[in-house]
Structure formats: structure tokens, C-alpha cells
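Here's the structure we're looking at; comments come further down.
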Amino acid sequence: MISKTTISKFRDLETPFYYYDLSVLNSTLKTLKKESGNSGFKIHYALKANANPRILKIILSQGFGADCVSWNEIAAAIKAGFDPSKIVFAGVGKSDIEIKNAIKAGIFCFNCESIPEIEVIEQLASKQKKTVQIALRINPLVDAHTHKYITTGIEESKFGIHTWELDNVLRALSTMKHIELIGIHFHIGSQITKMSVFQSLCAHINELQDWFTNRSVDIKVVNVGGGLGIDYENPDKAPMFTEYFNLLHDFIDLKHGQELHLEPGRSIIGQCGSLISKVLYIKNGCNTMFAIIDAGMTDLIRPALYQAHHKIENLTSKGSIYRYDVVGPICESSDTFAKFIELPETHRGDFIAIRSAGAYGEAMASRYNLRDLPGSVFSDEM
Ligand code: PLP
């Protein structure tokens, strides 16, 4: 909940901006630290969800590592203070220069997605006379039952290595002198809310563990990626860390000495952020009323990109309830945050909060239409 005092302070600020409630972030981190600590799991925060430097510093203060998908993310993580030995580098299309930089920086592990990629890493590691640790991102063919753009573990996905390619991967690795296979990595999709999906993932992981054991391949790290969803309908609800960690603990058969790693993004940062915007105009359509706000898809692209739902609140009206289409100013019809939703009677100048926007919000902002990027404001600065 955004308090009345905070709302009154919004009036002095230029909209739109992201508002980060640090009490929510800190309490999420506290639970995550406790639950992961209890289970002995290692957390690598997925920077792609939000790489705001202040947020990185706060997450780092919990002693977590970082999951990065570009050299620039690795550089941002190192700049924030993350130890390279706790950084993993994922992504289906790592460029040569990114690989070279990451090898030089001495990161913990490359999560690899194809044989050609592993071959390039071998060549570049050999030039630097270094041995590089890798994990294989395996596509376990588990349907995440989430939006098709954020489902990654199915057969047609561009991500991951298919299980039937693993023999070829091991054969290729046996000829490489600068690569050490340390782990297996999975990420089946994002915004997963059904625990049964993770349970299926665990069953596949156990089968794969046996496959490697039968070939005498020592796997030190099992990395289950990210994907734990949040409740977009209830922005004040915390993520289900306890259920999730209990499930991983109960259903993955870790071998002696093996480490379980995770790469949560959305579940850490999603609920602490809101996009704050002001209503520019109320416009009558044929069948609807448009509340045109000063935030657009350039500030928060999730609804336009994934038909994502965010709870929208009018922070400054208590009038009778009407229905509105809440839309942005961008020259695209998809620049719509919600259709036909109930809001108290809304006027020009009202403050609108688009909740649960901490993850994949600011991080995905663009300058389309040459708009300014949204600012960020933290609760302790107000
Ligand atoms: N790890 C990998 C490999 C990913 O691709 C993603 C998201 O796309 C994440 C972790 C973070 O996922 P989430 O934000 O759903 O926790």
C-alpha cells in the first residue's frame, strides 16, 4: 500500500517515475535470505529484472550473487560490488567480445545453450590461457503454463540444449582443454504460479542427474533458474518463497556435495515497485471512457508485450466507481495498460499507480517517440 503521506509527496515530483518501496524490498530479501539460508541454496539475482544501481547495492548487501545476460549487465553487477566469482553469464547469443570480457573478469560460470557456443568459449579461453567453468542449460520440455513469450522450456523454444543432444555435447567437451563442466542449468519460463510446474521440473532434473551419473560425469551445481511468479492482482502479497523452497528441497534429489542455485528476478523486485503517473485527459470513446495518462508503453511495456495484467489504482480520487480504459500517450494502439477497469471517478491531474511494476518495468523502458526515460524514486528519499 502506498501511504497518504507518500502520495502527498508525489505532488512535488515530475511524472512518470518508478517508486520503489524499500520496506517491501527489504522484507522480501529478508524472507529470501532466511529461506535460502535454511535450505543451503545459493541465490543469483537475475539483473534483467531490474538493474537500477541502488537496487543492485541493496540486493548485494544480502550476499547474493548475480545472474547476467550481457557483458553490460556483468559490468553493472561488478560496479555495484558483486564479486565476479558469484556471477553467472546466461544467454543464447553471447557475442565474442562479451565472452572475452567475461573470461577476463573471472566470472563463476557460463550457462551455455549450444555446442557452437561452447566451441567459441573454448577457443577464446584457450587464447587467454584460462579454464572456464560452464553449466549446460538443458531444455527439460516442461510447459510453464505462462504467457507464450515467457515460456522457454518447451521443444520449439530457442533456449537451451535438447536432452537428445547431450551425448554430442559430452563428446565435444571431451576434446576441450579449457572448459570444465560443473553444472546443469534450467529455466523453464517466468511468472510461474503453479507449484506443480516446478514439481515436474524437479522430476526431470532427477532423471537427468541419473543420466549424468550413469556416464560418470560429476555435476557440482544444479541451477533451477528463476521463474517464481508474483500475484499481480494483490500487489501487497509477498512471493511464495517458503512453498517454493520446500518443494525444491523435497523433490530434487541432490547428490552429496552438490549445490542448488537459483536465479530469481521478478519474485525479488516485482512487488516493491509502482509506476506513478498523472492523468492528462479523460476522453469519451463510443463505448468507453479513456483515462489518458502520462506514462506509456515506453515506461512499462509488459501490458503491450505480454498482455500482462497490473493492478491500477487512482491514488487521489474517492469518487463513485466508473469504468475506464487506461491508456498511454504513445502512437500505438497497444499502448494500453488496462481495458474497462473500475476506478473511482478520475480527473485530469489525478495520480495513478500501476502496481507490481518493479520487475521488467524500468529495465525494459525505451526512448521510443524520443520520450524521456522514467525516473526512479526510493521510499527513503521522501
Ligand atoms: N534465469 C534465466 C536464465 C532467465 O531467462 C530469467 C528470466 O527470463 C531469469 C533467470 C529470471 O526469471 P524470473 O524473473 O522469472 O525469476
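Applying the Karplus relation 6.51 cos²θ - 1.76 cosθ + 1.60 with θ = phi - 60° to segment 324-339 yields 3J(HN,Hα) values of 9, 9, 9, 10, x, x, 7, 7, 8, 5, 6, 7, 10, 8, 6, 10 Hz, where x marks Gly and Pro. Can you list the aspartates and glutamates whose alpha carbon sits under 17 Å from that of Lys79, skipping same-chain ones fewer than 8 residues off? Output for Lys79: Asp67, Glu98.
Residues whose amide H lies under 5 Å from that of Gly270, counting only those 5 or more places away or on a different chain, are Ala359; hydrogens are built 1.01 Å from N in the peptide plane. Note on the chain: with a GNM built from Cα contacts shorter than 10 Å, the maximum mean-square fluctuation among Lys237, Lys33, Lys48 falls on Lys237. Annotation for segment 345-373 versus segment 205-256: alpha-carbon center distance of 33 Å. Entry note, segment 243-382: relative contact order of 30 percent, from Cα contacts under 8 Å with a spacing of 6+ residues. Put simply, the amide H of Ile179, placed in the peptide plane, has neighbours under 5 Å in Val132, leaving out anything fewer than 5 places away on its chain.
Using the per-residue mean of other Cβ atoms lying within 10 Å as a proxy for protection, in what order, highest first, do the peptides 258-264, 212-218, 36-42 fall?
258-264, 36-42, 212-218
Please list 18-24, 334-340, 7-13 highest first by mean number of surrounding beta-carbon atoms within 10 Å per residue.
Numbers: 18-24: 20.7, 334-340: 17.0, 7-13: 13.6.
Those peptides, ordered most packed to least, come out 18-24, 334-340, 7-13.
Summing charges over all other residues whose Cβ lies under 12 Å from the Cβ of Lys283, with Lys and Arg as +1 and Asp and Glu as -1, gives 0.
Normalized C-alpha radius of gyration of segment 27-121, against 2.2 N^0.38 Å?
Details: Rg = 13.7 Å, N = 95, 2.2 N^0.38 = 12.4 Å.
Dividing the Cα radius of gyration by 2.2 N^0.38 Å gives 1.11.
Over the chain, what relative contact order in percent results from Cα pairs under 8 Å that are six or more residues apart? Each step should come with its number before you reach the end.
On the way: 806 pairs, mean separation 76.1, N = 382.
Reported relative contact order: 20 percent.
Note that segment 158-167 has calculated 3J(HN,Hα) couplings of 6, 8, x, 9, 6, 4, 6, 8, 5, 4 Hz, one per residue in order, obtained from phi through the Karplus relation 6.51 cos²θ - 1.76 cosθ + 1.60 (θ = phi - 60°); glycine and proline are x.
Tell me, what is the percent relative contact order of segment 33-168, built from C-alpha pairs under 8 Å that lie six or more residues apart? Can you show the working numbers first?
Details: 194 pairs, mean separation 21.9, N = 136.
Taking the mean separation of contacting Cα pairs over the length of segment 33-168, I get 16 percent.
Taking every pair of alpha-carbon atoms in segment 23-268, what share in percent sits in each 5 Å bin, from 0 to the bin with the longest distance? Using 5 Å bins, I get a P(r) of 1, 6, 14, 18, 20, 18, 13, 6, 2, 1, 0 for segment 23-268.
Would you calculate a helix-derived [θ] at 222 nm for the chain, using -39,500 (n - 2.57) for each DSSP H run of n ≥ 4 and dividing by the full residue count, to the nearest 500?
Numbers: 11 runs with 114 residues, N = 382.
One gets -9000 deg cm²/dmol as the mean residue ellipticity at 222 nm.
A Cβ-based charge dipole, computed about the Cα centre of segment 4-83 with Lys and Arg at +1 and Asp and Glu at -1, lands at about 240 debye.
Provide the percentage of antiparallel DSSP beta bridges, counting only those with both residues in the chain; round to the nearest 5.
Numbers: 23 of 58 bridges.
Within the chain, antiparallel bridges account for around 40 percent of the total.
Under a 5 Å amide H cut-off, with hydrogens placed 1.01 Å from N, Ala66 pairs with Tyr45, Ile87, Val88 among residues at least 5 apart or on other chains.
Please give the per residue accessible area of segment 290-382, computed with a probe of 1.4 Å over protein heavy atoms only, in Å².
Values: 4140 Å² over 93 residues.
About 45 Å² of surface per residue is accessible.
Each peptide in 296-302, 285-291 was scored by the mean count of other Cβ atoms within 10 Å over its residues; highest first, the order is 296-302, 285-291. Using θ = phi - 60° in the Karplus curve 6.51 cos²θ - 1.76 cosθ + 1.60, the 3J(HN,Hα) couplings for segment 252-267 round to 9, 8, 6, 7, 4, x, 6, 10, 9, 10, 10, 10, x, x, 3, 5 Hz; x is entered for Gly and Pro. Per residue, segment 23-268 exposes 44 Å² of solvent-accessible protein surface, assessed with a 1.4 angstrom probe and all protein chains in place.
Taking the accessible area of the chain, probe 1.4 Å, and keeping the other protein chains in place, the carbon and sulfur fraction comes to 51%.
The values are calculated or read from the model by the stated rules, or taken from the named source; none is laboratory data. As the structure is a prediction and not an experimental result, all values here were calculated from the model. Neighbour counts run over all protein chains shown; Cβ positions are idealised from the backbone, glycine included. These area figures cover heavy atoms from the full protein model, side chains too; ligands, DNA and RNA do not enter into them. Shrake-Rupley method; radii C 1.70, N 1.55, O 1.52, S 1.80 Å.
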